[in-house]
1. What pairs come out if I take residues in segment 56-77 that are in contact (Cβ under 8 Å) with a residue 12 or more places away in the chain and pair them with residues that are of a type in the set (Lys, Arg) and open to solvent by 20 Å² or more (accessible area, probe 1.4 Å) whose C-beta lies under 6 Å away, six or more apart or interchain?
2. Take the residues of segment 73-105 that are in contact with a Phe, Trp or Tyr (Cβ under 9 Å, 6 or more places away or on another chain) and assigned to a loop (DSSP other than H, G, I, E, B): which is nearest to Asn135 (Cα to Cα)?
3. Out of curiosity, is Asp84 open to solvent by 60 Å² or more (accessible area, probe 1.4 Å), over 18 Å from Arg19 (Cα atoms), out of contact with any Gly (no Cβ under 6 Å at 6 or more places or on another chain) and among the acidic types (Asp, Glu)?
4. Does segment 70-91 include one or more residues that are of a type in the set (Phe, Trp, Tyr) and over 14 Å from the mean Cα position of the chain (by Cα)?
5. List, please: which pairs have Cβ atoms under 7 Å, are six or more places apart or on different chains, and start with a residue in segment 26-42 that is of a type in the set (Phe, Trp, Tyr) and end with one that is open to solvent by less than 60 Å² (accessible area, probe 1.4 Å)?
6. When residues of segment 106-140 are filtered for being assigned to a loop (DSSP other than H, G, I, E, B), on the phi < 0 side of the Ramachandran plot and either in contact with a Gly (Cβ under 8 Å, 6 or more places away or on another chain) or crowded, with 16+ Cβ neighbours inside 10 Å (or both), how many remain?
7. Any idea how many residues of segment 93-114 are touching a residue at least 24 places away in the same chain (Cβ under 8 Å) and either in contact with a Leu (Cβ under 7 Å, 6 or more places away or on another chain) or farther than 24 Å from Cys173 by Cα (or both)?
8. Which one of these does Gly53 not meet: (1) within 16 Å of Tyr74 (Cβ to Cβ); (2) small (Gly, Ala, Ser); (3) surrounded by fewer than 19 Cβ atoms within 10 Å (Cβ to Cβ)?
Amino acid sequence: MKYLIAGLGNMGPEYELTRHNVGFLVLDRLADNYKINFRTERLADKAELTYKGRQLHLIKPNTFMNLSGKAIAYWLQKLTISNDNLLVVVDDIALPFGSLRLRSKGSSAGHNGLKNIEEFLGGKDYSRLRFGIGNNYPTGKQIDFVLSNFEQEEFTGLPSVMDKSIDMIFSFCTIGAERTMNFFND
């Protein structure tokens, strides 16, 4: 079985530790834990990992967040992976910092990266792991908030939440979206 795990974010050092890049950060931690390396390929930085007999293809689109759909659609087609075996790791301002929610389908909730994926895939039927970044920003400052670095106390909590995200990714690939949601979602 093959899976495409796409972490959303923006390329470049100025975005590296921002809230909007939490998808990249989760996949970087996964790669570090398993001592695998990303290499730049078409439309994404890509790495592979075998876990319990499953092939996990990890991508960090280099198309920038709001154009992530092009990279994801390309790699789904290139690797002949169905939308059922796609998991997108994405930041979510509607969830408190550190909350995680897996959904097998749903709306973009205003997230431009997810909107672009929906356009390229022709629908909302793909799984996403929403990583809560909170919404502690003044009215009209959402963009500034998501593109800012985590606060120090958030940095301290990030590793454990990223590790739980990795557990959820592995669960998705071994027991499926529904059972993973039942096991992990609050």
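1. If the second residue must be of a type in the set (Lys, Arg) and open to solvent by 20 Å² or more (accessible area, probe 1.4 Å), the pairs left are Thr63/Lys70.
2. Ile93
3. Working: open to solvent by 60 Å² or more (accessible area, probe 1.4 Å): yes; over 18 Å from Arg19 (Cα atoms): yes; out of contact with any Gly (no Cβ under 6 Å at 6 or more places or on another chain): yes; among the acidic types (Asp, Glu): yes.
So Asp84 fits the description; yes.
4. From segment 70-91, those of a type in the set (Phe, Trp, Tyr) are 74-75; that's our starting set.
When the remaining residues are screened for being over 14 Å from the mean Cα position of the chain (by Cα), the result is 74-75.
Checking segment 70-91: at least one residue is of a type in the set (Phe, Trp, Tyr) and over 14 Å from the mean Cα position of the chain (by Cα).
5. Filtered contacts from segment 26-42: Tyr34/Leu49; Phe38/Ala31; Phe38/Asp45; Phe38/Lys46; Phe38/Ala47; Phe38/Lys60.
6. Counting residues in segment 106-140 that are assigned to a loop (DSSP other than H, G, I, E, B), on the phi < 0 side of the Ramachandran plot and either in contact with a Gly (Cβ under 8 Å, 6 or more places away or on another chain) or crowded, with 16+ Cβ neighbours inside 10 Å (or both) gives 5.
7. From segment 93-114, those touching a residue at least 24 places away in the same chain (Cβ under 8 Å) are 93-104, 112-114; that's our starting set.
After this cut, where a residue has to be either in contact with a Leu (Cβ under 7 Å, 6 or more places away or on another chain) or farther than 24 Å from Cys173 by Cα (or both) as well, the list is 93-94, 96-97, 100-102, 112-113.
Of the residues in that region, 9 qualify.
8. The single condition Gly53 does not satisfy is (1).
The values are calculated or read from the model by the stated rules, or taken from the named source; none is laboratory data. For clarity, every value in this text was computed on a predicted model and none was experimentally measured. Cβ atoms come from the backbone with ideal geometry, glycine included; neighbour counts cover every protein chain shown. Keep in mind that these areas ignore ligands, DNA and RNA; they rest on the heavy atoms of the full protein, side chains included. Shrake-Rupley method; radii C 1.70, N 1.55, O 1.52, S 1.80 Å.
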